[in-house]
Structure formats: C-alpha cells, structure tokens
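To start, the structure itself, in structure tokens.
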Amino acid sequence: MEILAVAALVVALLALLTGLAALRRTRPGGRWGGRSGGVSGDDLDAVPADLQGLRQEVSALRVEVSDALRHLAVVRYDAFGDMGGHLSWSVALLDDAGSGIVLTSIHGRSEARTYAKSISGWTSEAVLSPEEREAVSSAKPG
C-alpha cells in the first residue's frame, strides 16, 4: 500500500514538473509574471486546471504517505551461542511518527519462535531486546 502511495506521489510530481516546464516554455521570457518574476492574478488564470488538480493530489498524497510504514530496519543475529548463520532476526516497520511494530524471530535447533511488539513514538511499552532496540533505532530517520 505504501509503495503505491509513494509511486503515485512520484508520478504526480513528475506530471507537475512536466506541466510547469511546458507552461514556462509558453510564457514570454520563460518566467512567471514576465519581468518581475512574481505571480499575478492573470498568471494564475493561465495555469491549466489539471495542474491545479495535480497540486491537490500531491498534497493529499503527502498526508497519506505519512501514515505509511516507510521506516524499516532489519537486524540479523545468532540468538544462541552454539548456532551460526545469523538465522534470528528483528525487523522494525514504522511510520513517520515512529508508530508500528517490531517483529522478531528466534531460531533454535529444533524450533523457531516469532514475537510482535507494538511501537508508538519510537518506544514500546513492552520490554525490547537489544536487537529490537537496535532495529527501532536504525529505522529512525536522521
């Protein structure tokens, strides 16, 4: 879902840039508002209606994508000292506000256990393992 929202945002931005470039080529001097560089009321009337619609769509997509689980990180490790291969893992899937989940799979010789813990504001009410904390920290932008 979030991939579609990001793809739609990219397509809308490309369409907006293409429309602006075409409009710029049709204006005298290739500038908005002639010599002053400002935008007058007449210039706004010259903006095609579909360009204004694209602006609204881009704005709506920006709001929608903020709820998408776009910040993710995976930490692979050996949960037990006698096993190799980094078969255990923790993955953080978070939105822009740091809300989402951390999934962990612990692999042993005869079984694997999977855990899910909710995250809100980049923290969890549940106790996080060091690997889960690392996944959340790595997923946090900046």
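Details
- Computed about the Cα centre, the dipole magnitude for the range 71-139 is approximately 140 debye when only Lys and Arg (+1) and Asp and Glu (-1) carry charge, each at its Cβ.
- Kirkwood hydrodynamic radius (C-alpha pairs) into Stokes-Einstein, the range 62-142, 37 °C and 0.692 mPa s, D in µm²/s: 251
- The simple spin-label model puts a point 7 Å past each Cα toward its Cβ; for residue 115 and residue 60 those points are separated by 4.2 nm.
- Peptides 55-61, 94-100 ordered by packing proxy, namely the average of other Cβ atoms within 10 Å per residue, highest first: 94-100, 55-61.
- R0 of 35 Å, Cβ-Cβ distance residue 74-residue 49: FRET efficiency to nearest 0.05: 0.20
Bear in mind these aren't lab numbers, they're just calculated from the coordinates by the rules spelled out. Source: prediction; values computed, not measured. Neighbour counts are summed over all protein chains in view; Cβ atoms, including those assigned to glycine, are modelled from backbone coordinates with ideal geometry.
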